[in-house]
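The values are calculated or read from the model by the stated rules, or taken from the named source; none is laboratory data. Values in this document were obtained by computation on a predicted structure and should not be read as measured data. Glycine also receives a Cβ, built like all others from the backbone with ideal geometry; neighbour counts cover every protein chain displayed. Accessible surface areas use protein heavy atoms only, side chains included; no ligands, DNA or RNA. Shrake-Rupley method; radii C 1.70, N 1.55, O 1.52, S 1.80 Å.
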Amino acid sequence: MKLLTFKGGVHPPEKKELSKDSPLETFRIPEKVYLYLVQSAGSPPKLLVEKGEEVKTAQKIAEASSLISANLHSPVTGVVEDITKMFHPVLGAPSDLLVIKRTSEKDEWELLEPIDFESSDPKILIERVKEAGIVGLGGAAFPTHVKLSPPKEIDTLIINGAECEPYLTVDHRLMLEKTEELIVGIKIIMKILNVKKAVIGVENNKKDAIDALKKFSGEGIEVVALKTKYPQGAEKQLIKAILNREVPSGGLPMDVKVVVQNVGTAVAIKEAVVDGKPLIERGLTVTGEGVKTPKNVVARIGTPIEELIDFAGGYNGEVDRVVLGGPMMGIAVPNTSIPTMKGTSGILVLTKEVTGSIYTRNCIRCGRCVEACPMNLRPNVLYKLVQAKKYDEAVSEGLFDCIECGSCAYICPSKIDHVRHLKLGKKVYRALRRGK
Amino acid sequence: MMVRTFKTTTAPHVRHPDDTSKIMRDVLIALIPVTIFSGFIFGWYAWVLAIVGVFGGELTEYIIMRFFRKDKNFIPDGSASVTGLLLALNVSVKLPLWAFLVGLIFALVVGKHIYGGLGANPFNPALVGRVFLLISFPVQMTTWVKPYWTKFWMSPWDMVTTATPLAMLKEGGSSAINSLKISDFFIGNIGGSIGEVSALLLIIGFVYLMAKKRVTWHIPVSYVGTVLIISTIFWLINPEKFGTPIFHILSGGLMLGALFMATDMVTSPVTPKGMLLFGAGCGAITMIIRYFGGYPEGVSFSILIMNAFVPLIDSFTKPRKFGEVKQNG
Ligand code: SF4
Ligand code: SF4
């Protein structure tokens, strides 16, 4: 069978074997959870509780404040101990933080009313997705209800089971262990979008997941095997591989009649609708050569990553950095008191041996980055334009088409940090535009 | 619970193990067979030039970086040895050592570092050095010795000089080169620059680089292919005057140029399409110089001329951005 894929990309060592065979384990309810108010893309939700107030598990504690914003629920039963500020790794700056101290080891739930999705109106379903505070669990953490109400006609739902980031295996485990929940989630999304066709794209390194899902295919749900290549799971590349449609430059998947949802998000949607459970915990992979026993864990949102590293057997070897997410796009954290967030798909502990010492040299114009760029850009030209502060030229070279996948920097023999330059370029250009 | 602190670096957090110095090392390895062989053909002095090229190149670059560009953290990347070795392979064994050194320093200073060092130079530094030597020492650079099979103890000063096959052709037409056998070209039993002697060993070296994924076939194939097409046409028109296609391909450093000089990453296009255009341009200009120009060979000049067109070729062959709306589409 021919595997579907896109042009460009790279093949970093997969390292999935570290954790792919360890089933999801539920982590204990932490003594304290640390919740950033900013858990998703868009504007921060409005706080509904005060310091000292008692909260129940799954109680709504902050409410979406604008169109692009998501509700937040308490992951534990306890009391709001503090409302303070702490460094936020995604924002790169201090940000509002709630500290909730657990008062009961047993959850006192405040669940939502279960919904029978088959007989209910799509509007009620999407309202539930919104109410449950669901965001994209693949990493970008975009509020899901927004993505599920596109202003354009959609004909296909794509479920992203590519999990192309090395090391991460949580989606793999979800597909194996929560296959039925996932399928129900997909059916709910299909109903919301009013589409007849859903395609689950899975990289071919997860053959067991493909087989498991195939048992449930039919009724408009199809499973396809994708070539194992990074970034196969990037939305635009995924759509190109599966449907051979190209999202126009500057456009969104809906411009080609597609909505993409991650497998974890689909499972969360099932739980929100069928079980009435808001997004208060998620699966994530705690892995890397830097922990003793890499695992897949289900943990409450706001769990300090140090506790999860402990749970994975503690540190191993000479640790160089700890990353939220995968090694290609993840964010390195300054310390391990940082908690997990809704968008945290993994905690990656990398040793010095893996990260190596990076000595950057001049570009030798080898062309590898051009070949690797899944957006067909010229990263070697782009980073130089940004360095030379020629922002307008960089934009016409495709600065904003860059999906920051890191393929260029990964492959570069001169170890150039294209992504750092390009991110900076985008930021400066936006700031300059605003200044005008 | 012990909180640990770490440094924060930007993604990606893993990198491909290849780096520039590994690429340069492999280019040097690829040139070893032809370098060793050249000593057996032209005597031990060829080896002296090669060794001086490698170490002199590194030393020169080190001095430039540390004392003129004041880079205290400079770690050599091996590109200067590649330039030095290529320059050695591109001169006549009659060139005195001091003249070679002058050429080497010129190559690195004027060919490379005045532009800002590796990656910033538009022209192939070894070819810049070679052309400088051709202009400054025309006699020594174009006095070729007759090859002496396996007599590596011979010193170049005792060797009999000869004309290169291309010069013979230019002087006396095809009949002047009738005595030369194709196998001699292929194996390397002909007069010429040190490194242009054996097409076979050059190809072996290049295949090694391809196997290591350091280079692609595009430039050599389009370069040699273009030469093949043009020389076939001319040969069919006038076999008396123009020489056979195979002769053109195997002589005058064409193989060395197409495989190792034109493929220099820094001074060639980045995309496969661009590389094909670049190679074709090199081939066409080489043949124009050979047929109509003042020099009998033309490889160096054609590559240097095409080097100047690389920015143009690059922007002409820019890949279509993903999702870019096709015009009139
Ligand atoms: S991969 Fe690095 S060295 Fe090669 S062209 Fe791109 S930026 Fe330059
Ligand atoms: S330029 Fe952007 S899209 Fe292209 S490889 Fe680099 S990070 Fe990925």
Task: Which listed residue is modelled with pLDDT of 95 or more, within 16 Å of ligand 1 (Cβ to nearest atom) and either within 14 Å of chain A (Cβ to nearest Cβ) or at negative phi (or both), from B:Val82, B:Val102 - done: B:Val82
TODO: May I ask you to list pairs of residues, at least six apart or on different chains, whose Cβ atoms are under 6 Å apart, with the first in the range A:353-378 being farther than 14 Å from A:Asp401 by Cβ and the second being among the polar types (S, T, N, Q) and within 8 Å of ligand 1 (Cβ to nearest atom)?
DONE: A:Arg361/A:Ser414; A:Arg361/B:Thr20; A:Cys363/A:Asn380; A:Cys363/A:Ser414; A:Ile364/A:Ser414; A:Ile364/B:Thr20; A:Cys369/A:Asn380
- [ ] Any chance you could count how many residues in the range A:300-309 are open to solvent by 10 Å² or more (accessible area, probe 1.4 Å) and more than 7 Å from every other protein chain (Cβ to nearest Cβ)?
- [x] 1
- [ ] Return the only residue of A:Lys85, A:Lys101, A:Lys51 being open to solvent by 40 Å² or more (accessible area, probe 1.4 Å) and outside any strand (DSSP E or B).
- [x] A:Lys51
Open item on the list: Yes or no: the range A:374-385 includes at least one residue that is basic (Lys, Arg) and touching a Pro at 6+ places or on another chain (Cβ under 8 Å).
Closed with: yes
TODO: May I ask you to list the residues in the range B:1-41 that are assigned to a helix (DSSP H, G or I) and β-branched (Val, Ile, Thr)?
DONE: B:Thr20, B:Ile23, B:Val27, B:Ile29, B:Ile32, B:Val34, B:Thr35, B:Ile36, B:Ile41
TODO: Residue by residue through the range A:382-396, note down the ones that are more than 9 Å from ligand 1 (Cβ to nearest atom) and crowded, with 20+ Cβ neighbours inside 10 Å.
DONE: A:Leu382, A:Leu385, A:Val386, A:Ala394
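Yes/no matrix, rows are residues, columns are (1) within 22 Å of A:Lys20 (Cβ to Cβ); (2) in a strand (DSSP E or B):
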position: A:Lys277; (1), (2): no, no
position: A:Thr285; (1), (2): yes, yes
position: A:Glu306; (1), (2): no, no
position: A:Asp320; (1), (2): no, yes
position: A:Met328; (1), (2): yes, no
- [ ] Look through the range A:397-436, keep the residues that are near ligand 2 (Cβ under 8 Å from one of its atoms) and among the hydrophobic types (A, V, I, L, M, F, W, C), and return whichever of them is surrounded by the most Cβ atoms within 10 Å (Cβ to Cβ).
- [x] A:Cys408
- [ ] Go through A:Val76, A:Val129, A:Val80 for me and flag whichever is among the β-branched types (Val, Ile, Thr) and within 19 Å of A:Ile269 (Cβ to Cβ).
- [x] A:Val129
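Determine whether the range A:406-419 contains at least one residue that is more than 16 Å from ligand 1 (Cβ to nearest atom), more than 19 Å from the chain's Cα centre (by Cα) and more than 7 Å from every other protein chain (Cβ to nearest Cβ).
No; the residues of the range A:406-419 include none that is more than 16 Å from ligand 1 (Cβ to nearest atom), more than 19 Å from the chain's Cα centre (by Cα) and more than 7 Å from every other protein chain (Cβ to nearest Cβ).
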Open item on the list: If I filter the range A:313-341 down to residues being at the interface with chain B (Cβ under 9 Å from one of its Cβ atoms) and in contact with a Lys or Arg (Cβ under 6 Å, 6 or more places away or on another chain), which single residue comes out as farthest from B:His13 (Cα to Cα)?
Closed with: A:Thr336
TODO: Check the range B:112-126 and report whether any residue there is charged (D, E, K, R) and either over 16 Å from the mean Cα position of the chain (by Cα) or away from chain A (no Cβ under 14 Å) (or both).
DONE: no
Task: Residues located in the range A:360-396, provided they are away from ligand 2 (no atom under 15 Å from the Cβ), within 11 Å of chain B (Cβ to nearest Cβ) and within 30 Å of the chain's Cα centre (by Cα) - done: A:Thr360
Open item on the list: Among the numbered criteria (1) within 14 Å of ligand 1 (Cβ to nearest atom); (2) surrounded by 21 or more Cβ atoms within 10 Å (Cβ to Cβ); (3) β-branched (Val, Ile, Thr), which one does A:Thr360 miss?
Closed with: (2)
- [ ] From the list A:Gly185, A:Gly133, pick out the single residue that is in a loop (DSSP other than H, G, I, E, B) and touching a residue at least 40 places away in the same chain (Cβ under 8 Å).
- [x] A:Gly133
Open item on the list: Could you list, ordered by first residue, the pairs with Cβ atoms under 8 Å in which the first is in the range A:18-40 and farther than 17 Å from A:Phe311 by Cα and the second is of a type in the set (D, E, K, R) and surrounded by 19 or more Cβ atoms within 10 Å (Cβ to Cβ), at least 6 apart or interchain?
Closed with: A:Gln39/A:Lys342; A:Ser40/A:Lys342
TODO: Residues being within 8 Å of chain B (Cβ to nearest Cβ) and part of a loop (DSSP other than H, G, I, E, B): count how many of those fall in the range A:349-359.
DONE: 3
TODO: Among the candidates A:Val395, A:Val370, single out the residue that is in a helix (DSSP H, G or I), closer than 28 Å to B:Asn124 by Cβ and touching a helix residue (DSSP H, G or I) at 6+ places or on another chain (Cβ under 8 Å).
DONE: A:Val370
